[in-house]
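Down below is the structure, laid out as structure tokens.
The values are calculated or read from the model by the stated rules, or taken from the named source; none is laboratory data. All values reported here derive from a predicted model rather than from experimental measurement. Methodologically, a virtual Cβ is constructed for each residue, glycine included, from the backbone with ideal geometry; neighbour enumeration extends over all protein chains shown. For accessibility, only protein heavy atoms count, side chains too; no ligands or nucleic acids. Shrake-Rupley method; radii C 1.70, N 1.55, O 1.52, S 1.80 Å.
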Amino acid sequence: MNSFINRLVITLAALMTMISPQANAALPRPDTPTRGQGTGLLQLIQNYLFDGLTLFGLALAAVCFIIVAVNALKKFHEVTDKKATWTDFFTLVGVGAVLLIIVIWLINKAVEIL
């Protein structure tokens, strides 16, 4: 019984592959990279890599923002429980803001270099 089901699945998969070119005919073309197509395959790959690294930098900045926000919330909780002072909270928020500015500046410099 199990081998019959396996053969049935393989037969259905083969039939679907015969039909699939007609189903995929109206799919949209992928977007070109922000720097354009380029003159060859290597330049096209470099342009897509540039877009990918730029997206990675944006994700890195978002992760840094989340880390600073979570630490600020933890410190605020400590302040409300009287385990820390408001000076500690504002110091953490100020240092976190400066670190975020530095990270974003470094990512922008890296994009310019690429």
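Assorted remarks:
- Pair list, Cβ < 8 Å and 6+ apart or interchain, from the range 67-86 residues that are more than 22 Å from residue 103 (Cα to Cα) and outside any helix (DSSP H, G or I) to residues that are open to solvent by less than 70 Å² (accessible area, probe 1.4 Å) and among the β-branched types (Val, Ile, Thr): 85/79
- Test: residue in the range 2-16 that is within 30 Å of residue 107 (Cβ to Cβ), modelled with pLDDT under 85 and part of a helix (DSSP H, G or I): no
- Residue 32 falls short on exactly one of the conditions (1) open to solvent by 70 Å² or more (accessible area, probe 1.4 Å); (2) modelled with pLDDT of 85 or more, and that condition is (2).
- Any hit, the range 87-101, residues being touching a Lys or Arg at 6+ places or on another chain (Cβ under 6 Å), assigned to a helix (DSSP H, G or I), at pLDDT 80 or above and open to solvent by less than 50 Å² (accessible area, probe 1.4 Å): yes
- If you filter the range 35-84 down to residues that are touching a helix residue (DSSP H, G or I) at 6+ places or on another chain (Cβ under 6 Å) and aliphatic (A, V, I, L, M), you find that the one that is nearest to residue 113 (Cα to Cα) is 61.
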